[in-house]
Amino acid sequence: MTDSTASRGKFISFEGIDGAGKSTHIAFVAARLAATLEAKGKRVVSSREPGGTPLGEKLRELLLHEKMHLETEALLMFASRREHIAQVIAPGLERGDWVISDRFTDASFAYQGGGRGLDRAKMEALEQWVHPHLQPDLTLLFDVPLDVARARLDATRTLDKFEQEKADFFAACRNEYLRRAAQFPERIVVIDSSKSIAEIQDTLVGILDKLLQVID
Ligand SMILES: Nc1ncnc2c1ncn2[C@@H]1O[C@H](COP(=O)(O)OP(=O)(O)OP(=O)(O)O)[C@@H](O)[C@H]1O
Ligand SMILES: Cc1cn([C@H]2C[C@H](O)[C@@H](COP(=O)(O)O)O2)c(=O)[nH]c1=O
């Protein structure tokens, strides 16, 4: 049964250009948080964008593999997000759970705004429409030079539509991520993802322990 008096959970998003290494660290972060939270009757919900719901996963297939107009791409990213908020993020936070999302709206600003060049005012209008009162409590931005990200991607898998983009696209995405980190320094923590996985985990432990100190 849901405890209607439970305090709101926390919302953490993971960001970075493709190959920066964010997915590598999500399971580690989820396990670290769960170790503390489960003793307090709270769960960790791990999800992703685009996707995270049955409809969102169908949209993800289209978004990652079909060519489409830039504005269609932005609208479908926010459509997937609207469903994700309604089905997963908002109910999770209301239950007092901690919700981790592999990407959120910063990715739309970085990819559709920075990478594709969609007018920032249009992105802001979509953000205001879809989640006027919701922002992550913490965003971990995994930042890495383009050549490092490219080498990691090329070593691992078949590339989707975004991953096939050229260096100047990713340079523009990365610049927009870093611009937003400077704009929202209380929310976005930049992590040097060119370091080793072990060094990054040490950094993450410090950040998470601080966040866990403030829960009831
Ligand atoms: N710090 C690191 N040092 C060396 N290799 C790493 C590091 N972080 C991740 N990798 C490796 O790089 C590859 C890409 O990592 P990962 O899938 O986590 O990237 P990602 O940022 O989530 O990419 P995408 O957004 O495209 O899913 C994986 O093979 C992973 O093992
Ligand atoms: C949420 C969101 C994502 N994207 C892009 C970024 C990535 O290239 C893919 C998702 O793949 P991942 O391996 O799961 O990171 O989608 C985007 O362009 N805009 C967005 O809002």
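Got at least one residue in the stretch 45-68 being closer than 27 Å to E165 by Cα, part of a loop (DSSP other than H, G, I, E, B) and free of Cβ contacts under 8 Å to residues at least 24 places away in the same chain?
Yes, some residue in the stretch 45-68 is closer than 27 Å to E165 by Cα, part of a loop (DSSP other than H, G, I, E, B) and free of Cβ contacts under 8 Å to residues at least 24 places away in the same chain.
State whether the residues of the stretch 86-102 include one that is touching a strand residue (DSSP E or B) at 6+ places or on another chain (Cβ under 6 Å), outside any helix (DSSP H, G or I), within 23 Å of I200 (Cα to Cα) and within 12 Å of ligand 2 (Cβ to nearest atom).
Within the stretch 86-102, one or more residues are touching a strand residue (DSSP E or B) at 6+ places or on another chain (Cβ under 6 Å), outside any helix (DSSP H, G or I), within 23 Å of I200 (Cα to Cα) and within 12 Å of ligand 2 (Cβ to nearest atom).
Taking the condition more than 16 Å from L75 (Cβ to Cβ), away from ligand 2 (no atom under 13 Å from the Cβ) and not aliphatic (A, V, I, L, M), does D160 pass?
no
Could you tell me whether the stretch 122-138 includes any residue that is in contact with a Ser or Thr (Cβ under 9 Å, 6 or more places away or on another chain), farther than 28 Å from T72 by Cβ and exposed (fewer than 14 other Cβ atoms within 10 Å of the Cβ)?
Checked against the condition, which is being in contact with a Ser or Thr (Cβ under 9 Å, 6 or more places away or on another chain), farther than 28 Å from T72 by Cβ and exposed (fewer than 14 other Cβ atoms within 10 Å of the Cβ), the stretch 122-138 yields no hits at all.
Identify the residue in the stretch 129-177 that is β-branched (V, I, T) and assigned to a loop (DSSP other than H, G, I, E, B) and, among all such residues, is farthest from R187 (Cα to Cα).
Once the filter is applied, the top-ranked residue is T158.
So which pairs qualify, if the first residue must be in the stretch 156-172 and more than 17 Å from D143 (Cβ to Cβ) and at pLDDT 95 or above, the second must be acidic (D, E) and surrounded by fewer than 13 Cβ atoms within 10 Å (Cβ to Cβ), the Cβ gap must be under 9 Å, and the two must be at least 6 apart or on different chains?
Going by the 9 Å Cβ cut-off, the qualifying pairs are K161/E66.
The values are calculated or read from the model by the stated rules, or taken from the named source; none is laboratory data. In this text, all values refer to a predicted model and were calculated from it rather than measured experimentally. Positions of Cβ are generated from backbone atoms using ideal geometry, with glycine treated the same way; all protein chains shown enter the neighbour counts.
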